[in-house]
1. Given the criteria assigned to a loop (DSSP other than H, G, I, E, B) and either buried (at least 20 other Cβ atoms within 10 Å of the Cβ) or among the small types (Gly, Ala, Ser) (or both), does Gly592 qualify?
2. Just give me the residues in segment 698-721 being free of Cβ contacts under 8 Å to residues at least 60 places away in the same chain, in a strand (DSSP E or B) and either buried (at least 17 other Cβ atoms within 10 Å of the Cβ) or touching a Cys at 6+ places or on another chain (Cβ under 6 Å) (or both), in sequence order.
3. For segment 849-878, name all the residues that are within 17 Å of Asn676 (Cα to Cα) and either among the basic types (Lys, Arg) or in contact with a His (Cβ under 8 Å, 6 or more places away or on another chain) (or both).
4. In segment 650-663, which residues are open to solvent by less than 10 Å² (accessible area, probe 1.4 Å) and more than 15 Å from Ala550 (Cβ to Cβ)?
5. Taking segment 386-411 as the search range and keeping residues that are closer than 25 Å to Arg484 by Cβ and modelled with pLDDT of 85 or more, which one is surrounded by the most Cβ atoms within 10 Å (Cβ to Cβ)?
6. Could you tell me whether any residue of segment 362-379 is touching a Gly at 6+ places or on another chain (Cβ under 8 Å) and either surrounded by 13 or more Cβ atoms within 10 Å (Cβ to Cβ) or modelled with pLDDT of 75 or more (or both)?
7. Check off (1) under 23 Å from Leu146 (Cβ atoms); (2) more than 37 Å from the chain's Cα centre (by Cα); (3) surrounded by 15 or more Cβ atoms within 10 Å (Cβ to Cβ); (4) hydroxyl-bearing (Ser, Thr, Tyr) for Ser294 and give me the number that stays unchecked.
8. Among the residues of segment 855-873, is any of a type in the set (Val, Ile, Thr), at pLDDT below 80 and either over 27 Å from Val755 (Cα atoms) or under 41 Å from the mean Cα position of the chain (by Cα) (or both)?
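The values are calculated or read from the model by the stated rules, or taken from the named source; none is laboratory data. Just so it is clear, the structure is predicted and the values come from calculations on it, not from any experiment. So basically every Cβ, Gly included, is an ideal-geometry build from the backbone, and we count neighbours across all protein chains shown. SASA here: full protein model, heavy atoms, side chains in, ligands and nucleic acids out. Shrake-Rupley method; radii C 1.70, N 1.55, O 1.52, S 1.80 Å.
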Amino acid sequence: MERGENKQAEEKVWLATSDREREEGCIDGFSAERGAMMGTEVGLVLPGFFGNLQLEESPPLGLSLSSDTWAPSILSSSSSSLPCLSPLPPLVGLDGVLAEGRLVLDVYRGGGEVLPVFWERVQERMRGLQYLRLGSEDEGALERALSVLPRLTQLRSLTIRGHRFYDPQSDPLPGLLSSLPESVSSLSLLVHLDLSFNRLSSLPPCLLSLSHLSDLLLCHNRLTGLPEDLGALASLRRVSLLGNRLVDLPRGVGLLCRLEELDVSFNQLERLPDELGQLRDLQKLELSNNRLRSLPETLGSLRSLRQLIIQSNDLRSVPECLRALPLLNKLDLRNNPLDRPPTPPLIAHVTPVLEESEIPELHLGFHQHSFQVSPAGCHVFLPGGAELLFPRRCVNAVTQLQWAERRPDRKWVWLEEHDILLSRRLELRPHGATFEKPVEVCIPYHKARKGDVAVRRFDGRSWTTLLTLTRRGSEKHSCRPGGRPARLACCSVSQFSWFVAVSRPFLDSCSVSPDGALLVSQFDPGIKLTFPPECTIETRTVTMQVLQVALSEVQDLTGDPHASASPLLCLSQTPSMHFLQPIRVQIPLPPGVTGHMVDMSHLHLMHGDPMAHTWTDITAQVSLYVTQIYAVFSITHFSWYWLWYTTHRCVSGVVRNMYHRLKQFRVRFLALQRKNDPEQVLLQCLPSDKAECRLVSLSEQYEGPQPSELCVLLEGEQFFAGFERGIDINADRPDCKDGRLSFTFYSHLKNIKEVHVCPTHPQQGTVRGQVSFYRGEVPSDLPEEVVSKRKGHDNQWMATLPLRIPNADCDGSTSGELNLGDPESGYLTQTNLLSISLRINQEWQNIGINLGISYDQLERIRIQHRDFGEQVLAMLFHWARGQQGAGPGAVQRLMKALVDSGRRDLAEEVEDIVTLGKRKYEESLKRVGLEIAASSADPQSS
């Protein structure tokens, strides 16, 4: 999939470490991160200037890093354990994190807190520390850890990196490191330094004195420039400055005579210094996604250069000297305007033509489902964040088009086994209409924690997956007022139909020829498939999918607090034949397991049969060995592979259950009532890990029972909520049938509904009832584990939550007689209110506010009643019912509200009605001779 310049740089997170596996613990083998070769070894031959030089056909694979918030160590110390050290888990001792001169603290949130404690208590062991990893998301812990660093004079590898943990919205937490103390210069033996994903705006001066530094990683910081004396770091071999704000490189870069790899992609470089040609040992130069318009001729002196990646720049030509580079075997020139003449400057007196004018914008409202597109093109912004980009001359005449959003429906939307629906389905009409140029359709979606986002299209007969790019929407069109623009999944289409966005496991593929290949996962660069030469006779296509597994789920299912599992690999190929040579597979060790502490008897490599849905332990059948952070094995048959670490001897059944759970969700239900209106009930179904935080966020406006017990639901399964024991639902809505509300569960959509409830029969006092949740239609392919957990005599009931509501009629009802006032002061009857409502116009909400009705209540009345007259009448009757037991003065309050709302004419009419009623009452007393009795205060006269 070709990525444009608008792709965010963080989607290509490359920590430039060596691809070689150093297994014996030598210092050159300190892999601070799971490095990887970027992209596949697949090329196409372009004739012409470069002869038969291979140019990259597939883009470099975007890499993402992840870690569980807590990854407890598998082994705890038995002899050297320290007292419980927060924030380390209680079972983790000294030997669990400090062994063989290596200390790994970045897998624990705020793990830097314990570094000063270790220095104070085991100072002798800390003096020999050579390998240290720290997180940088906790400011206090980071500051205290930095104060200890200068004392670790034997340190040779140091990592202080952000983006190791995630916030509640599943966004990575940035690092907080903005500088280093000058005393860090005392780390004279330091060879490897990784400060990626932090806030460095300049290179800390103390680094220039580290003469032995070989690897320097400063990815995704805020660097705007580098010092001229950068050449002082003469031992540097690998430098990565990906994702910063560099405009140029200093001339001193030419003094880095031992440099082998340089990555300055995703910056703002406009030129390169001529001194770059002095790097005679340089083998890989990454310049993609910058603003380069030319390359210096001195690049022809880079006789050791093997890879030159300069995609997504503004190059019109490349120097002839590159043709003479003897070792260059990979040159990526995509997304450059090669062989095009430079854009001439605009002449002042020439009027810009249509091609140079901006495409007009069209912002539609919720009720505007039709719009027009002319040959000039149009950028259409739909409510909710969706965007449609019609290029110029995509239509030959003014064309009428329509759009509509539909609720998600599992039976309608095609989802594969581990797919998650991320959006509503967007329908664009007329179906089948063909455009002269492709139209870009961008669908807003909810972020999935792990997975590749793809757009699927339904043409009326079948589903297809479209080539998809993701980006943020326009700043002018945020779907949330004052919030960030929507995440958009964008595709190009020539015809309109139905579209949805889904999340699927990360998918990578390549073509394997008899010469071999390398396939690296964009989910985790540590996951690789190495195809040796002559492993196949004919070229075949290989596909790899990676599915993440939550550590908590594994431990919960196995009952083993030390259990862990690597990502699940789904490998397939076309055609399906065994390979002639073993294929080398590299996967990360399960979280919390490292090579120096692993117990091989607890490590299980599981093979899954996709047809029989069985899992087999093949650990003894393959050559499985481990490095510091990877497991490596060889296979000739493609299927499912999963690496587990657990004390269980027989794990096949547990793995099968875990695989089924990946398609299910443990959910909880909420039934809350508004504090200012207990008849307004909020119902919600949400994943179990989100229930508590959701309850806290709603506590100010709602009250009610605690979340229900856990239930298991499948993605896309339908269920219902029904009110029972004296409580009824008051709603005229399409998702309500026989008093039950219909839901469809999607883990990344909000399953929220608000309804009005009322007593089934009028009665005095508080009404106590309940809302129960029931399953809908049972899927035919339900796993046995789910069937056995279904509760109730019919296996349909899931949970019940109690409700209490005051006895009150439902809003908007016109049953019963309403009389305000009293005989002495005059009545205002229901008929009077009806006649008044006919003369109230758009100011009815202002009148409601002045009558003391809440804004939320007025909004509910507006939503429940589409007709304007019904809205006014419902507002007046809602207020009148609340005044029946409030004592005298209700009529006067109504008159004052009318005056305050600018309707004095209505206030005078109400006064005339009341005066006329009072006069008629007095005349009736005279006719029956009760005038004296009525005027007396004798209570027994009645």
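1. yes
2. Listed by number, the residues that qualify are Tyr702, Leu713, Phe720, Ala721.
3. Ile853, Gln857, Arg860, Ile861
4. Val651
5. Filtering first and then ranking leaves Ala386.
6. Within segment 362-379, none of the residues are touching a Gly at 6+ places or on another chain (Cβ under 8 Å) and either surrounded by 13 or more Cβ atoms within 10 Å (Cβ to Cβ) or modelled with pLDDT of 75 or more (or both).
7. (1)
8. Yes, some residue in segment 855-873 is of a type in the set (Val, Ile, Thr), at pLDDT below 80 and either over 27 Å from Val755 (Cα atoms) or under 41 Å from the mean Cα position of the chain (by Cα) (or both).
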